[in-house]
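See structure below.
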Amino acid sequence: MAFTKKTVRDIDVDGKRVLCRVDFNVPIKDGVVGDTTRISAALPTIKYLVEHNARVILMSHLGRPAGTGFEPELSLKPVAEKLAEMSGLPVSFVADTYGDEAEAAVNALEPGHVLVLENVRFDKREKKNDPEIAKRLASYGDVFVLDAFGTAHRAQGSVVGPAAYIPAVAGFLLEKEVDTLTGIFAEPERPFVAIVGGSKVSSKIGVLDHLIDSADTLIIGGGMAYTFFLAKGMTVGQSLKEEDWVERAGEMLKKAEDKGVKILLPVDNRVADHFGEDAVPEVVASDAIPDDREGMDIGPKTEELYAEAIKGAKTVFWNGPMGVFEFDNFAHGTEAVCRAVADSDCTSIIGGGDSVAAVNKFGLADKMSWISTGGGASMELVEGKALPGVEALLDA
Ligand code: ADP
Ligand code: MG
């Protein structure tokens, strides 16, 4: 186990006021909740607390309010209603977070009931981790539970604050996310194949660097592959390139070689004469990209090569699409890799906003072992960083 903090299992919650930070930052349009993944992900902890007779006080942010007060379109009220509908639990909502109304609602809360507070970010002191905010929130609870994995990398009032005043433990989602995403570095079943794509080397350098410490094979795709081509002295036509990162890309190749990590780069590419939905793909070898073409996706030979490596894996971590998968003409490589991961008899872990969107687009989510609910937080873990929210919890 890679998780070293206390969890809800380690504390007595019977009759207690349990202040729980969840990630209910869901898409809402005209008061209607869209994707409910994050609400579902929070249910195991909420249900556990209710079943153990806790008085459950939930708090979350939603969107990016100005921090100057109530904004109707960013209220958590519809989310509280959705939670009631999905869970069948007694859920109430209070249109206040730090004031007397919130306090009164907390005091009136019965064991086995759930109260959702209003958006913590309606007050700008939340993001500044103001101690007054933290103290106020902590006063609502006997214990604090952090289950908001998606914001655990932010040292904000409702995330880290209460831990300074009341005992703080992890919820099940946080535990599972951290355990899974750090487990690939602690004790992966081998071979461990890591797949990294997306547009830029610069945004993934920490991820690449840390994965080379643990993986047996590192598969590279997406726009970032072309900066690696440059590092190998190849030409890339009009493909996405980061001249300033060529040297770092070269260092990564060298590090992998020194550590005996196999790096796979595309052997062929789907290129186009412009970047657009209507662009027509042409397949060219990696050493023959024409000057006036840009690489938009990996090619069919590369798909086979990558699928073969993935087939033999026992652990796969994947972050970053293999091409411009938003355009149907250039989604093929990402879909092929996604299917190979889905078909492989391995533990498959997916992280990153666009990668998760791709898995959902291809309808393969239920074939994966774990799909992370946190974009930024999951990347920080894979970079080897500690998350402030987790650090603040009691050690197990
Ligand atoms: P994630 O959100 O999963 O971490 P990134 O944000 O790093 O992934 O990268 C996703 C983006 O990379 C997508 O918008 C995709 O269009 C882009 N991308 C992938 N391949 C290419 C390419 N060859 N050229 C330009 N952009 C690309
Ligand atoms: Mg992204």
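The numbers here are math on the coordinates, done by the rules we state, and not lab data. Predicted model, so just to flag it, every value in this text is computed and none were measured. Don't worry about glycine lacking a Cβ; one is built from the backbone with ideal geometry, like all the others, and counts go over all protein chains shown.
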Global form of region 8-173, assessed from the alpha-carbon gyration tensor, a/c cut-off 1.5: rounded
Virtual spin-label span in nm between LYS200 and ASP14, 7 Å along Cα→Cβ: 5.4 nm
Point-to-point label distance, ASP244-ALA164, nm (Cα→Cβ direction, 7 Å offset): 3.5 nm
Paramagnetic reach from PHE275 in region 205-227 [backbone N under 11 Å; point 7 Å along Cα→Cβ]: 223
Per-selection Rg to Rh, region 284-332 - Cα, Kirkwood hydrodynamic radius: 1.02
Only Lys, Arg (+1) and Asp, Glu (-1) charged, at Cβ; region 180-382 dipole about Cα centre in debye: 580 debye
Helix-only mean residue ellipticity at 222 nm for the chain, each DSSP H run of n ≥ 4 adding -39500 (n - 2.57), per residue, nearest 500: -10000 deg cm²/dmol
Ranked by how many other beta carbons lie within 10 Å on average, peptides 348-357, 9-18 from highest: 348-357, 9-18
Cα centroid separation - region 172-215 against region 330-366, whole Å: 16 Å
Two-site label geometry, ASP96 and LYS254: point separation in nm, points 7 Å out along Cα→Cβ: 6.3 nm
Rh (Kirkwood; distinct C-alpha pairs) - the chain, Å: 22.3 Å
Spatial separation of Cα centroids for region 34-98 and region 231-275, in angstrom: 44 Å
For ASP130, distant residues with modelled amide H under 5 Å away: GLY157
At least 18 Å along the helix axis (C-alpha) and Kyte average at least -0.5, DSSP helices within the chain: 37-51, 172-186
Whether region 320-396 is rounded, prolate or oblate, judged on the alpha carbon gyration tensor where a/c under 1.5 counts as rounded: prolate
DSSP-defined beta bridges in region 8-173 - what % are antiparallel, rounded to 5: 15 percent
Region 1-126, relative contact order in percent, only Cα pairs under 8 angstrom and at least six apart counted: 29 percent
Value of relative contact order over region 180-382, rounded to a whole percent, pairs C-alpha under 8 Å and six or more apart: 22 percent
Check: the chain dipole with +1 on Lys, Arg Cβ and -1 on Asp, Glu Cβ, in debye: 900 debye
Two-site FRET efficiency, ALA288 against LYS367, from Cβ-Cβ distance with R₀ of 41 Å, rounded to 0.05: 0.70
Relative contact order (percent, whole number), the chain, Cα cutoff 8 Å, 6+ residue spacing: 17 percent
Packing rank of 198-208, 217-227, where each peptide gets the mean count of other beta carbons within 10 Å, highest leading: 217-227, 198-208
Bridge type composition, region 205-344 - antiparallel percent by DSSP, nearest 5: 75 percent
Nearest-0.05 FRET efficiency for ASP179 and LYS124, computed from C-beta distance (R0 45 Å): 0.85
Within region 305-319, backbone nitrogen closer than 13 Å to the virtual label 7 Å beyond the Cα of ARG339 toward Cβ: 307-308
Cα convex hull volume per residue for region 180-382 (Å³): 100 Å³
Extension gain (nm, one decimal) between ALA104 and ALA84, 0.36 nm per residue minus Cα-Cα: 5.1 nm
Per residue Cα convex hull volume in Å³ - calculated over region 45-84: 85 Å³
